[in-house]
Amino acid sequence: MKVMVFGATGGSGRAAVEQLAASGHEVSAFTRRAAAALPGGVRNVQGDVMNMTDVERAVRGQEAIIVSLGISENPLRVRLFGPAHTPPNVRSAGTRHIIAAMREHGVRRLVVQTSYGVGETRHCLSVVDRLFFALLLKPQIADTELQSADVAASGLDWVLVQPVHLTNETHAAWPFLSTAGEVERRQVSRSSVGRFLAQAVASPHFLGKSVAVSGARAASRA
């Protein structure tokens, strides 16, 4: 498939690009600036997800879209002062542009990474995580809620991917997946999330569903 990855320089997005390329897909990576060390054969498309013209140019001709947008800056600094380099509404506004471009160009498959604890898994959060969200991540979670609602209302063939706390482990073990909000470990590697993002673009499973993604206690898939 021809797949465009938005947020391709973040941990999960980069892992998805690597997995897609290794699986033989025709992969494009949308970045704000030239990206270094992309896998061979991956096309780098530079642009701003907040610019509708850039997004339409990137989406045209694709068969599937992966969205892994976010703010990579220190969350405490973002909470106190706002993000320095990324628009605070990058998830919702950027995804809204992507949805509009997909409708315009007839692209159906949309896989979006959000966060465990928004939308359908909001009620699954522990007390500690509720406090963490409220005190440290409140603006970002509010923007992610808007993003999730827009995806669910898009009319596209969507999958919402909701990972628990992300780690930088390099081993891309197959994660534990649940559409009922269940989790095993409370952490999951960005590499594992990227592996599922790449799998979800071509799989008939999970369409129209929110999928909780957590680390598996034991390897459930090679």
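Considering each of 175, 163 in turn, give the residue that is touching a Phe, Trp or Tyr at 6+ places or on another chain (Cβ under 9 Å) and either small (Gly, Ala, Ser) or under 25 Å from residue 89 (Cα atoms) (or both). Show your work before the answer.
Working: 175 fails: either small (Gly, Ala, Ser) or under 25 Å from residue 89 (Cα atoms) (or both).
Selected residue: 163, the only one of 175, 163 that is touching a Phe, Trp or Tyr at 6+ places or on another chain (Cβ under 9 Å) and either small (Gly, Ala, Ser) or under 25 Å from residue 89 (Cα atoms) (or both).
Tell me which strands (runs of 3 or more DSSP E) are completely within region 1-114 and hold 2 or more residues being over 21 Å from residue 203 (Cα atoms), or say none if there are none.
Numbers: elements: 2-6, 26-31, 43-46, 64-67, 109-113.
Fully inside region 1-114 and qualifying: 26-31, 43-46.
Tell me, which helices (runs of 4 or more DSSP H) wholly within region 124-221 include 1 or more residues that are modelled with pLDDT of 95 or more, out of contact with any Leu (no Cβ under 8 Å at 6 or more places or on another chain) and aromatic (Phe, Trp, Tyr)?
Numbers: elements: 127-136, 138-152, 190-200.
Answer list for region 124-221: none.
From the list 169, 182, 104, 120, pick out the single residue that is surrounded by fewer than 14 Cβ atoms within 10 Å (Cβ to Cβ) and touching a strand residue (DSSP E or B) at 6+ places or on another chain (Cβ under 8 Å).
Numbers: 169 fails: surrounded by fewer than 14 Cβ atoms within 10 Å (Cβ to Cβ); 104 fails: touching a strand residue (DSSP E or B) at 6+ places or on another chain (Cβ under 8 Å); 120 fails: surrounded by fewer than 14 Cβ atoms within 10 Å (Cβ to Cβ).
When all the criteria are applied, what remains is 182.
Consider residue 35 carefully, then state whether it is surrounded by fewer than 24 Cβ atoms within 10 Å (Cβ to Cβ), touching a helix residue (DSSP H, G or I) at 6+ places or on another chain (Cβ under 9 Å) and aliphatic (A, V, I, L, M). Please lay out each step first, then the result.
Numbers: surrounded by fewer than 24 Cβ atoms within 10 Å (Cβ to Cβ): yes; touching a helix residue (DSSP H, G or I) at 6+ places or on another chain (Cβ under 9 Å): yes; aliphatic (A, V, I, L, M): yes.
So residue 35 fits the description; yes.
Please work out if residue 128 is farther than 24 Å from residue 51 by Cβ and without any contact (Cβ under 8 Å) to a residue 12 or more places away in the chain. First the steps, then the outcome.
On the way: farther than 24 Å from residue 51 by Cβ: yes; without any contact (Cβ under 8 Å) to a residue 12 or more places away in the chain: yes.
Yes.
The values are calculated or read from the model by the stated rules, or taken from the named source; none is laboratory data. All values reported here derive from a predicted model rather than from experimental measurement. For neighbour counting, all protein chains shown are included, and Cβ atoms are generated from backbone atoms with ideal geometry for every residue, glycine included.
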